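Before any comments, here is the structure.
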Amino acid sequence: MTKLLQDLVARQAELRPEATALVYGAKRLSYGELDAAANRLARALVEAGCRKGDRVCFLYPKKPAAMVWMLAILKAGAMHVPLDVASPAARLRRIVASCEPRFILAAGQAGPLAAEIFAGLDHPVRLGWLEQSPPSNLRAAFTLRDVAREPSDRLPCTTRPEDPAHILFTSGSTGIPKGVVITHANVMAFVNWGLKHFGLDHTDRVSGHTPLHFDLSTYDIFGAYAAGAELHVVPLETALLPHRLAEFIRVSRLTQWFSVPSVLNYMAKVDAVRPNDFPELRRVMWCGEVLPTPILIHWMRRLAHVRFTNLYGPTETTIASSYYDVPACPEDPTAHIPIGSACDGEELLLINDEIHIGGVGLSPGYWRDPAKTAAAFVPHPSRPGERIYRTGDLGRLRPDGLIELIGRADTQ
């Protein structure tokens, strides 16, 4: 069984090299092309000094090139750290200073932002500029010319499943970025559960809507790769416009849509979804917030042929830890939609009404912050040596054994 994220693409490149992996507007990238491009960049990174366990940040909009970079960083044995191009330079500089990357990869319109980040850094960081020539105010360790000269065969790999794959920086309750370390095994556990539970396969056309620094995108990407499916990346100019999103689902003939409730809410408010719309759509999933029941009713009445699933879990427990497949359109708009039952290998506990999570998705902790890690990842109440994560969410156990959210333990 495949245990490393980058090997999911390598496997598809061997079995079905001509099959489409990524779609972005008119651009299509096959699994063979994706694997070869990532191999070249991985070799360029290693040639320039990247070593196992290094951090590599990348600063680029959510486009196929960014997917290549992410994969290449993993192939080089490093951890990838997505930087949000919409964030202020000061915030990104704090992230870079915290994770001390060996390289920052950037290109195109990210140049001015990259220059601002580099201007305030004390730690020596090198630039990989993935166009032909960097701007005059940036000095590159390598460019796209160097990458193009590298062979496309795979590098030897010493990465283990328990090694970190990426660090995702969240603001938390203080607004100060904190890095959540996520391993290959963490992601693979949810990917394998998702493939089995949702029946994802090579015929699927999957949405790629959420930003790369948001962990829902991890399942979009690696779930699609694991299944050999097509990942349809939502263009930047479409991502926040509800009628364009609806048209994107139609034209792309998506079979899976995974998003946050605010997007589903917005699309419902402007009536972007028609009755019996999206005939090829098979499943809609949401995570990250509570979806108001009247909004769910709106969607389910229009799309009676679609399966709807509520997923729940913080970044610290990798994508999601519990699920609830909505059995039928709710009749009562005031009823709460439960977060449901634990995914395979996960455990949900209620301790003094606070939801705690343990199991295979549990992060090793916060990057270089043992105090915050110890405060949030606490000993399991009945299994010595195991940890659970304090979510800060309050819940209650329903008579049917399912858990529903009732609020926060703090003021968030």
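The values are calculated or read from the model by the stated rules, or taken from the named source; none is laboratory data. Just so you know, these numbers come straight off a predicted model, no measurement behind them. With ideal geometry, Cβ positions are generated from the backbone for all residues, glycine too; neighbour counts draw on all protein chains shown. For the accessible areas, the whole protein counts, side chains as well, though only heavy atoms, and no ligand, DNA or RNA atoms are used. Shrake-Rupley method; radii C 1.70, N 1.55, O 1.52, S 1.80 Å.
Structure notes:
- Degrees separating the helix 64-75 axis from the principal Cα axis of the chain, which is the longest one: 80
- Cα gyration tensor category, rounded, prolate or oblate, for segment 26-113 with a/c compared to 1.5: oblate
- Size of electric dipole in segment 248-335: Cβ of Lys, Arg +1 and of Asp, Glu -1, about Cα centre, debye, nearest 20: 400
- In this structure the amide hydrogen of Asp393, modeled in the peptide plane, comes within under 5 Å of the amide hydrogens of Ile355, Ala409, none closer than 5 places in sequence on its chain.
- Environment charge at Leu397 (Cβ cut-off 15 Å; Lys +1, Arg +1, Asp -1, Glu -1): -4
- Long-range HN-HN contacts of Phe169 with modeled amide H, under 5 Å: Val180
- Cα shape, segment 227-293, gyration tensor, a/c 1.5 rule: rounded
- Three-way shape label, segment 245-378, alpha-carbon gyration tensor, a/c 1.5: prolate
- Percent of beta bridges antiparallel (DSSP, segment 155-267, rounded to nearest 5): 55
- Helical mean residue ellipticity (222 nm; -39500 (n - 2.57) per DSSP H run of 4+; nearest 500) of the chain: -9500 deg cm²/dmol
- Here the peptides 5-12, 45-52 are ranked by packing, the mean other Cβ count within 10 Å, and the order with the highest first is 5-12, 45-52.
- Mean Cβ neighbour count within 10 Å, used as a protection proxy, ranking 289-299, 144-154, 378-388 highest first: 289-299, 144-154, 378-388
- About the centre of its Cα atoms, the chain shows a dipole size close to 820 debye [charges on the beta carbon of Lys, Arg (+1) and Asp, Glu (-1) only; nearest 20 debye].
- A simple rule links phi to the HN-Hα coupling: the Karplus curve 6.51 cos²θ - 1.76 cosθ + 1.60 with θ = phi - 60°, which for segment 113-119 gives 5, 4, 4, 5, 5, 4, 4 Hz, with x for Gly and Pro.
- Of the solvent-accessible surface of segment 1-146, computed with a 1.4 Å probe over protein heavy atoms with every protein chain present, carbon and sulfur atoms account for 48 percent.
- At a probe radius of 1.4 angstrom, the accessible area of the chain per residue rounds to 42 square angstrom.
- With N the number of residues in the chain, Rg(Cα) / (2.2 N^0.38 Å) evaluates to 0.97.
- For Pro381, the shell of other residues with beta-carbons less than 14 Å away shows a net charge of 0, using +1 for Lys and Arg and -1 for Asp and Glu.
- Toward the positive end of the charge dipole of the chain, with +1 on the Cβ of Lys and Arg and -1 on the Cβ of Asp and Glu, the farthest Cα among Val284, Ser207, Ser87 is that of Ser87.
- Amide hydrogen neighbours beyond the local backbone of Asp204, cut-off 5 Å, H modeled: Glu230
- Considering only beta bridges that DSSP places wholly inside the chain, some 55 percent are antiparallel.
- Of all accessible heavy-atom area on segment 254-329, the percent that carbon and sulfur account for (1.4 Å): 51
- Folded to 0 to 90 degrees: helix 184-198 orientation relative to the chain principal axis, Cα: 50
- Environment charge of Ile357, counting only residues whose C-beta is closer than 13 Å and scoring Lys/Arg +1, Asp/Glu -1: -4
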